[in-house]
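Let me begin by presenting the structure, written as structure tokens, before commenting on it.
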Amino acid sequence: MEKISIVIPTYNVAGYLEQTLESLAAQTRPFELWLIDDHSTDQSAQLAEAFTRDHPDYHFHQFTQHQGISVARNYGIEHATGDAIAFVDGDDALDPLFVETLADSFTDGVVAAAVGYVWHGSRTTVNHPIKINQREMFNQVSSHGSEIGGYVWNKAFAKTAINAINLRFDETLPIAEDYLFTSAFVANTAGSYAYNPKLLYTKINRPNSTIHTASFKDRQIEREVFKQINGLKHLVQ
């Protein structure tokens, strides 16, 4: 069993964060938590700080100015002490078995694990946990519309593997930073990848989320990111 560190950036998600925190409290396996508030102007920081209070494995940090989700996630990477890191969004919900399933997936050389998720268009084609190789995983995480997806929020990544390639989120990107992180991890990390199709992560459609408010310029940036991702193919074994 691996110790999982969960990193959650928050920014003006007070209306959704309570549900996220309730789903964390319901987990069947202990975990380390880093709640990092990106200088919210609503009650997000207060909710996060109260949730971590008096729990030795739960940590809260608030930025003194708004810096972006990638800066928050990178702060979590730098401070997490778990064997694997999961990046959860502060407006989503977890099944009680989310942590336990990810933790138990790290066997026999597994370097990252993913679970099924509930979101529009999500689907599963297998009905039991499977192991896939690096190339198969790269094909999954480097393209839109795949079952496993390139998102970071339904996955956990071995911290030793993250550190081995000195991987961090690109803090200059307003969009698709998760796809780049996941694809770069897989392209540079040989080994086994675990996928459990159980629907253990629920993505909430928040009207003012990045994906719903992306500008034409953001979409241009996204296309450039995917060109960069495509250029990682030659690294995959």
Open item on the list: What does the net charge come to around H59 if you take all other residues with beta carbon closer than 11 Å to its beta carbon, with K and R at +1 and D and E at -1?
Closed with: -2
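Rounded to the nearest 500, what is the chain's calculated 222 nm mean residue ellipticity when only DSSP H runs of at least 4 contribute -39500 (n - 2.57) each, over all residues? Write down the numbers at each step before the final one.
On the way: 9 runs with 85 residues, N = 237.
-10500 deg cm²/dmol, from helical runs alone.
Going down the table (K131/K159; K3/K227; K3/K131; K3/K233; K198/K227), which pairs top 27 Å between alpha carbons? Let's see the in-between values first.
Working: K131/K159 19 Å; K3/K227 35 Å; K3/K131 20 Å; K3/K233 31 Å; K198/K227 31 Å.
Pairs exceeding the cut-off: K3/K227; K3/K233; K198/K227.
Using a 1.4 angstrom probe on heavy atoms only, work out the carbon and sulfur share of the accessible area of the stretch 5-96 in %. Don't jump to the answer; show the numbers that get you there.
Details: 1810 of 3750 Å².
Carbon and sulfur together cover 48 percent of it.
Could you grab the relative contact order for the stretch 9-89? Cα pairs under 8 Å, six or more apart, rounded to a whole percent. Spell out each step's value before the answer.
On the way: 97 pairs, mean separation 28.9, N = 81.
Across the stretch 9-89, relative contact order equals 36 percent.
Relative contact order of the stretch 1-45, please, whole-number percent, based on alpha carbon pairs below 8 angstrom and at least 6 residues apart.
Working: 52 pairs, mean separation 27.0, N = 45.
It rounds to 60 percent for the stretch 1-45.
Could you report the chain's accessible area per residue, 1.4 Å probe, as an integer in Å²? Intermediate results must be reported in sequence, preceding the final value.
Working: 10620 Å² over 237 residues.
For the chain, the solvent-accessible area averages 45 Å² per residue.
Give me the percent relative contact order of the chain, please, defined on Cα pairs under 8 angstrom at least 6 residues apart. Mind dumping the intermediate values first?
Working: 478 pairs, mean separation 55.7, N = 237.
After rounding, I find 23 percent.
May I ask for the net charge around Y195, where only other residues with Cβ less than 9 Å from the Cβ of Y195 are counted and Lys, Arg are +1 while Asp, Glu are -1?
Working: positive: K131; negative: E147.
In short, 0.
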Task: From the coordinates shown, Kirkwood radius over Cα pairs in Å corresponds to which of [x] 17.8; [y] 18.4; [z] 20.2 - done: [x]
Open item on the list: Could you tell me the center-to-center distance, by alpha carbons, between the stretch 36-106 and the stretch 107-182 in angstrom?
Closed with: 18 Å
- [ ] Could you tell me which of Y16, S70, L180 has its Cα farthest along the dipole of the chain towards the positive end, charges placed at Cβ (Lys, Arg +1; Asp, Glu -1), taken about the Cα centre?
- [x] L180
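The values are calculated or read from the model by the stated rules, or taken from the named source; none is laboratory data. Please read these numbers as outputs of a predicted model, since none were measured by experiment. Heads up, the Cβs are rebuilt from the backbone with ideal geometry, glycines too, and the neighbour counts pull from every protein chain shown. The accessibility values were calculated without ligands, DNA or RNA, using every heavy atom of the protein model including side chains. Shrake-Rupley method; radii C 1.70, N 1.55, O 1.52, S 1.80 Å.
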